[in-house]
1. Condition (residue is more than 10 Å from chain A (Cβ to nearest Cβ) and crowded, with 24+ Cβ neighbours inside 10 Å) applied to the stretch B:114-124: is it met by at least one residue?
2. Under the condition of being under 30 Å from residue B:198 (Cα atoms) and in contact with a Cys (Cβ under 9 Å, 6 or more places away or on another chain), which residue from the stretch B:7-30 is surrounded by the fewest Cβ atoms within 10 Å (Cβ to Cβ)?
3. State whether the residues of the stretch A:84-95 include one that is at pLDDT 95 or above, surrounded by 24 or more Cβ atoms within 10 Å (Cβ to Cβ), facing another protein chain (nearest Cβ under 9 Å) and closer than 30 Å to residue B:103 by Cβ.
4. So which helices (runs of 4 or more DSSP H) are wholly in the stretch B:51-126 and hold at least 2 residues that are of a type in the set (Gly, Ala, Ser)?
5. Of everything in the stretch A:132-146 that's within 7 Å of chain B (Cβ to nearest Cβ) and under 16 Å from residue B:117 (Cβ atoms), which residue is surrounded by the most Cβ atoms within 10 Å (Cβ to Cβ)?
6. Confirm whether residue B:26 is within 11 Å of another protein chain (Cβ to nearest Cβ), touching a residue at least 12 places away in the same chain (Cβ under 8 Å), in contact with an Asp or Glu (Cβ under 9 Å, 6 or more places away or on another chain) and not polar (S, T, N, Q).
7. I'm trying to understand the selection: among the residues of the stretch B:147-158, which are more than 7 Å from chain A (Cβ to nearest Cβ) and among the hydrophobic types (A, V, I, L, M, F, W, C)?
2 protein chains.
Amino acid sequence: MVAMTRIERAMNEAIAASDGSGCPPRLMAAVRYAVFPGGARIRPRLCLAVAEACGDDQPAVADAAACAIEMLHCASLVHDDLPCFDNADERRGKPSVHRAFDERLAVLAGDALIVLAFQTIARQTMLAPPRCGALQLVVARSVGMPLGIVAGQAWECEPEADLSAYHRAKTGALFASATVAGAAAAGAEAAPWQLLGERIGEAYQVADDIRDAAGDSVDLGKPVGQDALLGRPSAVLQLGLDGAIRRLKCLVAEAVEGIPACPGAEDLKAHILSESGRLLPKGLALRAA
Amino acid sequence: MVAMTRIERAMNEAIAASDGSGCPPRLMAAVRYAVFPGGARIRPRLCLAVAEACGDDQPAVADAAACAIEMLHCASLVHDDLPCFDNADERRGKPSVHRAFDERLAVLAGDALIVLAFQTIARQTMLAPPRCGALQLVVARSVGMPLGIVAGQAWECEPEADLSAYHRAKTGALFASATVAGAAAAGAEAAPWQLLGERIGEAYQVADDIRDAAGDSVDLGKPVGQDALLGRPSAVLQLGLDGAIRRLKCLVAEAVEGIPACPGAEDLKAHILSESGRLLPKGLALRAA
């Protein structure tokens, strides 16, 4: 089955399993709104690509891992958009959750998605108990303290932040979780997959900084120029636009060179190269070529 | 070891395990502030009391379950206090987290505690893998959708809420989780413990409504009269003060009568009766006698 179909189906099933009698309808609507229609589902597709490269012997477990990672990503977007953080009116080309519903439901929808991520892994590993704890730990590490996305976001609340630590936690952690969890879900040794995810995450963050500095808000479905406006750390502010583009190319090259030995290494390399080609707006992609 | 010592030690160890190099200091400070010094730790003490009544064959697993439940409770308090919900300036006799730090760190500290709850269970069940998924599911059900505390809080965002459904989700769910998780952590059959937790949770919620209507803000360490002020559902508004006190007594009696057969049933009964005696302010406790 195509990865995108697996992901959407798993997300739909996980949310439907929580949509029982007695669920407050506006909360459920806010959760669905935060998750569907999704963005490019880059992290869960990376997770499934690694699981497939490692044999994917338990597809339901890999689906749950991918699904959990995407839910945690969506939760972080909902909370990051809140008035006390980015105060973003739009996300993925439509009103942000707190704009479409209200601030309370945005807080709660994020909370509910964090819970649902762990719940989904627990549900889908009932027939493979040893993979439950291993996956939960990989995923929790990428979201919590000291180095997960919550910690990354919290660097914005410190008087001084190290750009690299900030990016590693805010973006890299969930990408690293995508590769490591993909391997763990397929029963492969997980540790060697960490570096690949970190490099892809860093590449993605650099591309995000480039889009924020030089992209188009209509194409992106969210406001641009926020890093400079809010004084946030950014690779473009640090390295300049051309320097940031060079850094991005270098990271993608390192990523594909460092794919651990596995049955599906060639397909995985093709997946990563194809994905990275889509990271920049068209004009800049030509400039990078 | 005394339950309170077990709980504080387990909470300290779980948080210390997340306080690695690279953790944003203000986030860690906000998390500790949200958790220490604690309140009465009613839910985790109930969880340990049930685990002990069931033999407590894996104390580290029971500690993790108790710890997770208290962390989720603390997370819900931090988010409930936010300006968009109760806008509470105080909690447990000191400034609320968003007052002591800021709103962003209150959102993130709550998120971090939700993650840490599941992470702690995963860590402490590595030597007992089949208990990992079972405990995660019990705990997740009590926090998420459709009937957990997040759903309970979300009923405040609906145009109409059923008092009983609201209380069952907002308070009862975590108490039910305390008894069910206590049994599951000790390897006992978990399902028969649901009703006990639900009854204790309902009793606690009725007592909370009574304290809000007739308690003293200095004694409680938080503002009173909020239910009437915010138009929130309340047993006192529905049944009157005396009716609410009668309802509370009835629920406690039903709870102790319904303790499932287990080796430590008598000790557990004593624990529950002793706890319920502390639920009301002194003047009202006499009125209830």
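1. Going residue by residue through the stretch B:114-124, those that are more than 10 Å from chain A (Cβ to nearest Cβ) are none.
No - not one qualifying residue is present in the stretch B:114-124.
2. Taking the stretch B:7-30 first, the residues under 30 Å from residue B:198 (Cα atoms) are B:7-15.
Keeping just the survivors that are in contact with a Cys (Cβ under 9 Å, 6 or more places away or on another chain) gives B:7, B:10-11, B:13-14.
Values: B:7: 23, B:10: 24, B:11: 25, B:13: 16, B:14: 23.
For the stretch B:7-30, the residue satisfying everything is B:13.
3. No: zero hits.
4. Values: elements: B:59-80, B:97-100, B:103-124.
In the stretch B:51-126, B:59-80, B:103-124 are the helices (runs of 4 or more DSSP H) which contain 2 or more residues that are of a type in the set (Gly, Ala, Ser).
5. Here is the first cut: in the stretch A:132-146, the ones within 7 Å of chain B (Cβ to nearest Cβ) are A:132-133, A:136-137, A:140, A:143-146.
So of that shortlist, the ones also under 16 Å from residue B:117 (Cβ atoms) come out as A:132-133, A:136-137, A:140, A:143-145.
Working: A:132: 30, A:133: 25, A:136: 28, A:137: 20, A:140: 28, A:143: 32, A:144: 26, A:145: 29.
So the residue we want is A:143.
6. Details: within 11 Å of another protein chain (Cβ to nearest Cβ): yes; touching a residue at least 12 places away in the same chain (Cβ under 8 Å): yes; in contact with an Asp or Glu (Cβ under 9 Å, 6 or more places away or on another chain): yes; not polar (S, T, N, Q): yes.
Answer is yes for this residue.
7. B:149 - this is the single residue of the stretch B:147-158 that is more than 7 Å from chain A (Cβ to nearest Cβ) and among the hydrophobic types (A, V, I, L, M, F, W, C).
Residues checked against (1) aliphatic (A, V, I, L, M); (2) in contact with a Pro (Cβ under 9 Å, 6 or more places away or on another chain):
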residue	(1), (2)
B:7	yes, yes
B:18	no, yes
B:42	yes, no
B:47	no, no
B:54	no, yes
B:73	no, yes
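The values are calculated or read from the model by the stated rules, or taken from the named source; none is laboratory data. These figures come from a predicted structure and were not determined experimentally. FYI the Cβ positions are ideal-geometry reconstructions off the backbone, even for glycines, and counts take in every protein chain you see.
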